[in-house]
1. Run lengths n ≥ 4 of DSSP H only: what is the helix-derived mean residue ellipticity at 222 nm for the chain, with -39500 (n - 2.57) per run over all residues, to the nearest 500?
2. Tell me which chymotrypsin sites (Phe, Trp or Tyr not before Pro) from segment 47-78 have a DSSP coil assignment and no more than 14 other beta carbons within 10 Å of their own.
3. Taking the Cα centroid of segment 86-116 and of segment 11-62, what is the distance between the two, rounded to the nearest whole Å?
4. Ranked by Cβ crowding within 10 angstrom, fewest neighbours first, how are 85, 45 ordered?
5. Quick check on the exposure proxy: order 115, 11 from fewest to most C-beta atoms within 10 angstrom.
6. Just need the relative contact order of the chain here, percent rounded to a whole number, with Cα pairs under 8 Å and 6+ apart.
Amino acid sequence: MTSVADGSMDVVVCTLLVCSVPNTPAVLKEVKRILRPGGAFYFIEHVAAVDDSSWISFFQKALNPSWKLIFDGCSIRKSTWNDLENAKFSELNLRHITAPVPLKLIGPHIIGYAVK
């Protein structure tokens, strides 16, 4: 987003993108760069299962290497909520949900917003 000026956006929306990006902190840094002070970043992303002992987590771990090859780098094991917490937005509001998708493997999601 180098063509977008610093602090020029009121809102950035990201839906089901970060799973395919190799460097999530770099994406969040860029989001913060283009947001004006008080600007909002809205997101919904599928993520790794929070309960590491669950069957969903087990299958995510087992299938992720093949999944990434088949689905163009998409990872089903990302803990994007940690990257959001580490990005140091002035406000972060997120919650874990189970999305109503046919494949439970990609059911774990986070949804929310962050304010610069």
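1. Values: 3 runs with 34 residues, N = 116.
Taken over the chain, the calculation gives -9000 deg cm²/dmol.
2. Details: sites: 55, 58, 59, 67, 71; in loops: 71.
Hits after loop and neighbour filter: 71.
3. Between the Cα centre of segment 86-116 and that of segment 11-62, the gap is 7 Å.
4. Details: 85 13, 45 22.
Neighbour counts put them in this order, fewest first: 85, 45.
5. Working: 115 14, 11 11.
Exposure proxy ranking, most exposed first: 11, 115.
6. Reported as a whole number, the value is 31 percent.
All of the numbers you see were taken from the coordinates with simple rules; none came from a lab. Computed from a prediction, not measured in an experiment: that's the story for all the values here. Using ideal geometry, Cβ is built from the backbone for each residue, glycine included, and neighbour counts are taken over all protein chains shown.
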